[in-house]
Amino acid sequence: QDSFQPVQVLPRFWIVPEWCTPPDSEATNIILNPGLAFGTGEHPTTKLCLKWLHKSVRSGDNILDYGTGSGILAIAALKMGASHAVGVDIDPMAVSSSASNATLNALDPHAFEVFIAAADDKDDPVPHGPGVFDVVVANILLNPLLTLAKSIAGYTRPKGKVGLSGIILEQVKHLFFFFSSAIFLSCL
């Protein structure tokens, strides 16, 4: 617990461990207990995704967070004005952690749904039709991103936004090539 302290990601936007007092009670504070799940706001790719979401999310948007981990990105999107978020993860501990974190943040239980996915992506975990998400974010490793490319593209609404992260610089070109046939991409 001592290693996880409040992190300011944006002006007036903090990630705060559940056991700490928010440094700025007037700011947007995401209260987290990550448990064993990924996503405390300290990792550079998580910070990048949070900054991207801040620029991308519009009031009323539907969000899909593949590899939700602690739920940090979906919860942040809801606090940024999204009306609905779906989190998906292959780790049952992450699904449990993200659901608990939604409760810690007093989110409407209908606003944030969390589902477990099969590691092989054979069964579709998201009970929503194609093209329903305004914003899709996935902060996961390259191989899962490549495996999920068709699903991610399929769930994205026409003219929707997709944020892909969790890869190293040398993998960007490969990811860009793989996804560019399915959706319009621009590099951050």
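Below are the figures for this structure:
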{"item": "Among residues of the stretch 31-76, those that are more than 12 Å from the chain's Cα centre (by Cα) and within 18 Å of I90 (Cβ to Cβ), counted", "result": "4"}
{"item": "Failed condition for I75, given (1) without any contact (Cβ under 8 Å) to a residue 24 or more places away in the chain; (2) in a helix (DSSP H, G or I); (3) hydrophobic (A, V, I, L, M, F, W, C)", "result": "(1)"}
{"item": "Residue among N101, N105 that alone is of a type in the set (S, T, N, Q), touching a Lys or Arg at 6+ places or on another chain (Cβ under 9 Å), in contact (Cβ under 8 Å) with a residue 60 or more places away in the chain and within 27 Å of L32 (Cβ to Cβ)", "result": "N105"}
{"item": "Subset of the stretch 89-148 [closer than 19 Å to E18 by Cα, buried (at least 21 other Cβ atoms within 10 Å of the Cβ) and β-branched (V, I, T)]", "result": "V95"}
{"item": "Number of the exception - L164 against (1) of a type outside the set (S, T, N, Q); (2) modelled with pLDDT under 90; (3) in contact with a strand residue (DSSP E or B) (Cβ under 8 Å, 6 or more places away or on another chain)", "result": "(2)"}
{"item": "Every residue from the stretch 167-182 that is of a type outside the set (S, T, Y) and either surrounded by fewer than 17 Cβ atoms within 10 Å (Cβ to Cβ) or modelled with pLDDT of 90 or more (or both)", "result": "I167, I168, L169, E170, Q171, V172, K173, H174, F176, F177, F178, A182"}
{"item": "Residue that is in contact with a Phe, Trp or Tyr (Cβ under 6 Å, 6 or more places away or on another chain), not small (G, A, S) and not in a strand (DSSP E or B), where the choices are T45, T21, T68, T40", "result": "T40"}
{"item": "For I63: the one exception among (1) part of a strand (DSSP E or B); (2) surrounded by fewer than 22 Cβ atoms within 10 Å (Cβ to Cβ)", "result": "(2)"}
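The values are calculated or read from the model by the stated rules, or taken from the named source; none is laboratory data. What you are looking at is a predicted structure, and each value in this text was computed from that prediction instead of being measured. Backbone-built Cβ (ideal geometry, glycine too); neighbour counts: all protein chains shown.
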